[in-house]
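Comments concern the structure below.
Read-outs: derived from the displayed coordinates by stated rules, not from any lab. Just so you know, these numbers come straight off a predicted model, no measurement behind them. Note: ideal-geometry Cβ built from the backbone for every residue, glycine included; neighbour counts use all protein chains shown.
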Amino acid sequence: MVCQHDNVIWFINMGPNGEKQYFMLAMMQKLLGELPESFTMGFFYDVICTMHHEMECWQLLLKCLPWLKFATLVFHAYGHQWPCQLSYHPYKNLEFGCTDGEGCEREWNLLNGIIPTC
């Protein structure tokens, strides 16, 4: 997880299972526990549209949803349907400014030679 300026907040060991949505939920919950209540935060994720919908359906972090903003990563946005792009593309939502959400991807690219992958 990185902040808006691409500085690392936390690393998480995903192990052999790979990237799963519950890792994102766990990091969101951890971050929400560290910051003041009602602190507006924006989260990028490649399939945030699905995750946001599931959070509402399963009532996950429900009390926090009013002050959470969601966007898909710019690189992944164009693979989504047009209605999803309108709702979650960061350049179509004023809250995100010029942030592209690719900070984790850039960080991983820098660490790729250090951390072995399967």
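With a simple spin-label model that places each label point 7 Å from the Cα along the Cα-to-Cβ direction, the separation between F39 and H5 comes to 1.6 nm.
A viscosity of 0.890 mPa s and a temperature of 25 °C, combined with the Kirkwood radius over Cα pairs in Stokes-Einstein, give a translational diffusion coefficient for the chain of 162 µm²/s. The stretch between L65 and E19 holds 14.3 nm of extra length on full extension. This uses 0.36 nm per residue minus the Cα-Cα distance.
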